[in-house]
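**Q** Following this message is one structure expressed as structure tokens.
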Amino acid sequence: MAEFRFHFLLQLAQDEREEAARAMQAAQAAVQSAKHKLEQVETFRDEYRGRLMASGQGGMTVVQWRDYQQFLAKLDAAASAQQAEIVRLEALYLQHKEVWLACEKKVKAFEALKVRHEQDELRRESKREQKLIDEFNSRPRQR
């Protein structure tokens, strides 16, 4: 049977697809990590607001109130920055996914060519066998 002449290109496409899949998985993990960090910041911000309310009920100075407000503003800024990071990482994930899809399409195309090649080779082999059988059967038999 003849070798599939695009075997090397198929192997390259499969390697590219695997690399793209690894990059896509890493990007997805980065998105999940960023979301987890945002949850932590939001949880801490909520806890700190609760402390502000508890302290406010017991009485506090203007300086303490200002410090609480400044720190809450910093937490709000951190949450906003983390949200922007999530948006950036999700866009990066989508880019990696598009690359992976393109690689997958390329691999599927080469695999389809390989299947077609194998089917053609099987047909040729079958014809060769049939020809040999026909030649053998057409020979006069010796006793």
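**Q** Putting +1 on Lys and Arg Cβ atoms and -1 on Asp and Glu Cβ atoms, find which of Leu12, Ala109, Gln119 reaches farthest to the positive end of the dipole of the chain.
**A** Gln119
**Q** To the nearest 10 degrees, how steep is helix 62-138 against the longest Cα principal axis of the chain, on a 0 to 90 scale?
**A** For helix 62-138, the angle is close to 0 degrees.
**Q** With r defined as the distance between the Cβ atoms of Glu90 and Ser55 and R0 fixed at 35 Å, what FRET efficiency is calculated, to the nearest 0.05?
**A** Numbers: r = 37 Å, r/R0 = 1.07.
About 0.40, to the nearest 0.05.
**Q** Which listed residue (Trp100, Asn137, Ile86) has the Cα farthest towards the positive end of the charge dipole for the chain, taking +1 on Lys and Arg C-beta and -1 on Asp and Glu C-beta about the Cα centre?
**A** Among Trp100, Asn137, Ile86, the one farthest towards the positive end of the dipole of the chain is Asn137.
**Q** Once both axes come from the Cα atoms, what is the angle between helix 7-58 and the longest principal axis of the chain, in degrees from 0 to 90, rounded to 10?
**A** 20 degrees
**Q** Only four residue types carry charge here, +1 at the Cβ of Lys and Arg and -1 at the Cβ of Asp and Glu. Report the dipole size of the chain about the Cα centre in Debye, rounded to the nearest 20. Can you show the working numbers first?
**A** Numbers: 25 positive and 23 negative charges, 136 e Å.
Roughly 660 debye, rounded to the nearest 20.
**Q** Calculate for the chain the 222 nm mean residue ellipticity that helices alone would give, adding -39,500 (n - 2.57) per DSSP H run of length 4 or more and normalising by residue count, nearest 500 deg cm²/dmol.
**A** -34000 deg cm²/dmol
**Q** Contour minus end-to-end for Ser80 and Asp120, with contour as 0.36 nm per residue of separation and end-to-end as the Cα-Cα distance?
**A** Gain in length upon complete extension: 8.4 nm.
**Q** Any chance you could check the Cα centroid distance between region 80-117 and region 13-64 for me, in angstrom?
**A** Computed from Cα coordinates, the inter-centre distance equals 26 Å.
**Q** Tell me the label only: which of (i) 121, 25, 13; (ii) 53, 35, 28; (iii) 63, 35, 23 is Cα extents along the principal axes in Å as calculated from this structure?
**A** Computed from the coordinates, Cα extents along the principal axes in Å corresponds to (i).
**Q** Now for a different question. How do 15-28, 49-62 rank on mean C-beta neighbours within 10 Å, highest first?
**A** 15-28, 49-62
Each reported figure results from applying straightforward, stated rules to the coordinates on display, with no laboratory input. Keep in mind that what you see is a predicted model, and the values were worked out from it rather than measured. Cβ coordinates were reconstructed from backbone atoms using ideal geometry, including for glycine residues, and neighbour counts include every protein chain displayed.
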